[in-house]
Each structure stands twice: as C-alpha cells, then as structure tokens.
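Shown next, in structure tokens, is the structure this report addresses.
The values are calculated or read from the model by the stated rules, or taken from the named source; none is laboratory data. Being a predicted model, the structure only gives us computed values, none of them experimental. All Cβ positions, glycine included, derive from the backbone under ideal geometry; neighbour counts span all protein chains shown. Quick note on the areas: whole protein, heavy atoms, side chains included, nothing else; ligands and nucleic acids left out. Shrake-Rupley method; radii C 1.70, N 1.55, O 1.52, S 1.80 Å.
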Amino acid sequence: MALLGKLLKKGIKIRESLEQDFSSPIDLQKSELKKLLIAARHTSFGKFYYFDTILNGFKLEDNNTFYNFYKSNVPIFTYDEIHDKWWKRTLDGEKNICWPGKVKYFALSSGTSGSSSKYIPVTTDMVKSIQKTSVRQLLTLSKYDLPEDFFGKGTLMIGGSTDLKYNGKYYEGDLSGITTGNIPFWFQRFYKPGKKISRKSDWEEKLNEMVLNAEKWDIGIIAGVPAWAQILMEKILTHYNISNIHEIWPNFRIFVHGGVSFEPYKNGFEKLLGGELIYLETYLASEGFMAFKALPNSKSMHLVLNNGIFYEFIPFNEENFDETGQLKNNPETLKIDDIEEGRDYALLLSTNAGTWRYLIGDVIRFVSKENSEIVIVGRTKHFLSLCGEHLSMDNMNKAIQLTAQDLNINIKEFTVVGEPCDSLFAHRWYIGTNDMVDKSLLKLTLDAHLKRLNDDYCVERKAALKEIFIDLLPADIFYGWMKSQGKAGGQHKFPRVLAGDKLISWESFISEIKTA
C-alpha cells in the first residue's frame with residue numbers, strides 16, 4: 001500500500017473521476033442511461049417496455065427526447081410493484097429478466113417504517129461499480145494531510161456476515177457482507193477483522209472476537225454504521241481498561257459512515273476518542289453506491305453520475321406525495337439538468353442491477369447543481385405530518401444533536417411515533433440514553449429546537465399538535481429490539497419513525513421488558 005500512498009499524495013485520479021470533472025451532468029447521465037438500455041434491451045423487461053424504441057430517442061441531439069421516450073414507456077415502480085411483476089421471477093432462478101444473466105446475490109434491505117425486509121438484486125456489474133466508486137472515494141484522501149505510511153494501516157469494516165445464506169438459487173445477506181466477500185485481492189491484507197471473523201453471523205460473537213483481536217491490529221480507518229461502531233469502541237475501552245480508542249489504535253484517523261445521519265451520534269462518539277478524526281460520509285445503499293464526500297470541510301456528498309446508475313428526481317411536495325409519504329399518481333419527474341438547488345427530491349433509480357425507475361425511498365437536496373453535491377434529508381415515509389407539522393428526519397436528527405449538546409448527555413438512539421391526544425395529536429419520542437437527565441428539561445429543550453428548526457411545527461404546536469411525550473429508555477433496549485427483529489449489526493439502522501407492524505412489535509417489546 002506504500003505505492004498507493006505515494007499516488008494519493010500526488011492526487012492521482014482514475015478515468016471516471018476525470019470524466020465527471022470535465023463533463024456536464026446531463027451528458028454523463030444521458031450516456032449512462034443509454035448504456036443501461038443497450039445492455040438490457042434483450043431482457044424480458046427490456047422487450048416488454050420497448051427499450052429498442054426508447055433508444056431511438058438518443059439519436060436526436062437535444063436533451064429532452066430521450067427522457068420523454070423513457071418515462072412514457074417505463075412506469076415508476078415501488079418495491080412491491082417491481083418485485084411482484086419482475087424480481088420475483090429472478091428470485092425463482094429465471095435468467096435475463098431485468099438484467100442480462102442470472103442474479104447471484106440478493107441484498108436484504110430493511111423495509112420502511114412499517115414493512116418487512118426487501119430482496120434487492122445485486123449483479124456482478126453492480127459489485128464492480130461499487131468497487132470503482134470505493135476507489136474513487138479512496139483517491140480523494142489526497143486532499144487531506146496524511147503521511148504516506150498511513151495507507152499501510154488496517155481498515156476495519158464493521159459489516160454484515162460474509163457467510164451468505166444459499167437456498168440453491170441465490171445467495172442472500174447484507175450488502176456489506178456481499179461486497180466484503182468480493183473485496184479486491186490487493187486490499188485483503190489490510191482488511192480487518194479478516195475472513196474468519198467476518199463469516200460469523202452472530203453479532204455479539206463477532207463483536208467479542210473483534211474486541212479480543214483489537215490489540216493485535218493497527219487500525220487507520222473504520223467503516224460502518226455509527227451505532228455499531230460506537231458499541232464496538234465502548235466494548236474495547238471496557239475490556240482493555242483504557243480511556244479512549246486512540247490508546248489502542250493511535251493511527252486511527254478516518255471514520256467512514258453512511259446509512260444514517262452521523263450528527264445525533266457525534267457527541268457521544270467523540271467522547272471515546274483521544275484525537276481528531278476525518279469523517280467521510282458515503283451514500284451506499286443496497287441499490288448502489290450513489291455518492292460520497294469528496295471535499296474536506298464539506299457537509300455534502302458528490303453524486304456519482306457515470307457508474308451504472310441513472311437518476312430521476314421527484315419534487316418531494318404535496319402535489320406528488322400524500323400525507324403518509326405515499327407517491328401519488330402521475331407525479332412530476334425531472335432529470336438532473338432540471339433540478340433546483342435547495343429543493344427536496346425523492347430519488348428514482350435505474351441501475352445495472354436491474355432496477356428501473358425504482359423509488360428508493362430516500363429524499364435528497366442539491367446544495368450545488370453545478371458540482372452535483374447533495375445532502376440526504378430523510379426518507380419519504382420517515383417523517384411526521386399528522387396535522388401539517390411536516391417534521392423531517394433532518395429536523396429530528398438536528399434537534400436531537402442540539403439537545404444532547406445543551407444537556408451534555410449521550411443520546412445513542414431515538415425514534416418518534418405519532419399518536420392521538422384527546423381529539424387532536426401528539427408526538428411520542430423514545431430516547432435511548434444511559435445518562436441521568438431531567439425528563440421535563442429534555443422535553444422543553446427538544447421542543448424548543450424543533451420549533452426553531454421547523455416553522456410548520458412551531459405553528460402546529462400552538463394548534464393541533466397538542467403535546468409531545470418523552471419516554472427515556474436504556475440504549476440497550478433499542479439494540480435488543482433490533483436483535484429480536486434479526487437486524488443486529490451490519491447495515492441495519494433503527495427506524496427514526498415507527499408505524500404499522502414495526503410499531504406494534506416495538507410497543508410489545510417494551511411492554512414485555514417493563515413487566516418482566
């Protein structure tokens with residue numbers, strides 16, 4: 001890795017990065033969609049939706065005809081729709097359904113606030129795309145003041161089990177387990193916790209093995225979901241009786257995170273450190289590697305436009321979505337040259353894994369149209385609007401972060417529920433902390449921050465949103481419920497808003513603990 005260190009110090013870029021630097025976003029995206037359609041034109045999906053006809057729209061030099069052809073021929077799909085009509089056939093072992101060949105892997109993705117796990121196809125082409133984007137992010141480290149020998153340190157990836165389940169037709173598991181099982185040969189000697197520990201499916205056993213081996217490793221980079229990384233570091237501190245993680249890993253400089261906002265975790269996370277870190281956010285979902293932090297001191301991520309994904313954007317407003325976050329009929333859809341900075345958009349993806357105009361459920365905002373820089377602001381169904389308060393996940397994360405700072409407490413997890421209150425409405429916050437705190441003060445502080453962050457919330461707190469309730473719980477209860485759902489470790493995150501079957505399960509779990 002010494003050679004890589006020298007290359008990084010020189011700011012080496014690969015062809016795809018240079019291509020994106022010196023091309024317009026619409027040119028890149030037009031080319032990407034064309035490649036996807038050509039590759040899939042002989043699949044069952046491609047024939048059914050006339051991909052050959054759509055491709056004729058690319059012969060014209062304007063940037064509208066190709067897209068009009070595409071969106072007029074191919075409908076928008078939710079997970080249930082594309083699964084029931086197309087992906088189910090792929091799961092049954094059929095070839096050439098939505099993408100050429102047979103799909104070998106399926107990533108198990110946590111459902112939205114009320115649904116069960118989803119089976120997302122992961123093709124060989126998608127795995128290669130994820131690897132390419134990972135290298136592109138790695139090469140951005142040239143922008144940081146890191147010594148050459150840093151790149152010889154270990155990289156600890158806190159992910160799902162690489163021991164994927166095989167049912168005779170396909171392998172299934174966490175995307176992190178799928179991609180880790182396919183890491184490039186040149187990276188394997190730096191990868192921790194190593195193949196043996198990575199294969200373990202029991203999360204507690206895997207954590208304990210990592211703790212026992214921690215003193216043998218020289219870790220420079222940790223990658224994982226913040227909650228699970230924090231749990232691991234706390235266990236290491238306890239086991240070795242040390243005050244901070246840098247006592248055992250003095251070269252730990254970079255934390256790569258994604259899947260959930262880091263802000264609510266940051267206060268507690270940094271109490272475990274003995275030095276400053278570089279934080280690199282990624283937008284890596286089961287559907288693909290879409291964006292990564294490319295610039296120091298930036299809070300946005302660089303959307304990858306030329307690596308197997310075509311994006312469409314639905315304005316996240318009342319014209320396109322109902323009060324539950326459900327997509328309405330005939331929504332407005334935009335391509336990348338039509339978006340506006342500062343507006344929120346739900347994402348549609350078409351990818352080299354056979355997803356086509358697929359509503360992924362994430363909501364993003366462009367902070368720079370010219371540079372394709374985005375931030376994730378929430379989920380289409382992870383927001384509360386019982387009476388017009390329009391409380392987004394972004395609002396929730398920021399308010400929890402500020403409240404924890406004000407009260408000097410470590411809030412490790414939280415979730416919110418909407419419920420009736422007399423004839424009006426209320427929000428119930430379940431907050432996971434092991435610190436002593438005055439519940440009334442926490443309620444007042446959190447409510448004040450939410451009012452400041454969201455004008456609609458402020459208005460409704462004087463009207464239909466009559467009350468907010470606070471339930472303080474030990475953080476282990478949140479992790480215990482995740483384990484009961486088979487969602488411990490890996491890429492799994494606690495839902496920020498609970499509804500439906502998951503809310504029933506959560507309330508039942510808490511009730512059983514209180515009566516035990």
If you plug each phi of segment 171-176 into the Karplus form 6.51 cos²θ - 1.76 cosθ + 1.60 with θ = phi - 60°, what whole-Hz ³J(HN,Hα) values come out, in order, with x for Gly and Pro?
-> 9, 9, x, 4, 4, 4
Reach of LYS216 by Cα under 17 Å, taken over lysines that are not fewer than 8 positions away in the same chain = LYS153, LYS192, LYS195, LYS196, LYS206, LYS235
Centre separation in Å (Cα based) which lies between segment 285-353 and segment 173-221 | 31
Return the percentage of antiparallel bridges among DSSP beta bridges fully within segment 83-240, rounded to the nearest 5 %.
-> 40
For segment 465-508, with all protein chains present and a 1.4 Å probe, just round the carbon and sulfur fraction of the accessible area to a whole percent.
-> 54
Carbon and sulfur: what percent of segment 94-205's accessible surface (1.4 Å probe)?
-> 48
Probe 1.4 Å, accessible area per residue of the chain, Å² = 43
Residue pairs, from the table LYS85/LYS118; LYS47/LYS169; LYS439/LYS514; LYS335/LYS493; LYS59/LYS128, whose Cα atoms sit over 21 Å apart = LYS47/LYS169; LYS335/LYS493; LYS59/LYS128
A student applying the Cα gyration tensor rule (rounded when a/c is under 1.5; otherwise prolate if a/b is larger than b/c, oblate if not) would label segment 188-228 rounded
Label assignment, Cα extents along the principal axes in Å derived from the structure, set [x] 72, 61, 50; [y] 66, 63, 46; [z] 76, 60, 39 = [y]
For SER484 and GLU319, calculate 0.36 nm times their separation in residues minus their Cα-Cα distance, and state this gained length in nm to one decimal.
-> 55.6 nm
Measure of size requested: the Rg and Dmax of segment 35-188, with Cα atoms as the atom set and Å as the unit; please supply both.
-> 19.2, 54
Zone of GLU340 (label point 7 Å along Cα→Cβ, backbone N under 19 Å): which residues in segment 382-400?
-> none
Longest the chain segment clear of GluC sites (Glu not before Pro) sitting in DSSP loops (not H, G, I, E or B) with at most 13 other Cβ atoms within 10 Å runs 62-275
Carbon and sulfur %, accessible surface of segment 393-455 computed with the full protein complex present, 1.4 Å | 49
Tell me, what ³J(HN,Hα) does each residue in segment 316-322 have, in order and in whole Hz, if you take phi through Karplus 6.51 cos²θ - 1.76 cosθ + 1.60 with θ = phi - 60° and put x for Gly and Pro?
-> 7, 9, 6, 6, 10, 9, 7
Rounded to the nearest 500, what is the chain's calculated 222 nm mean residue ellipticity when only DSSP H runs of at least 4 contribute -39500 (n - 2.57) each, over all residues?
-> -10000 deg cm²/dmol
Taking the DSSP beta bridges in the chain as the whole, what percent of them are antiparallel, to the nearest 5?
-> 60
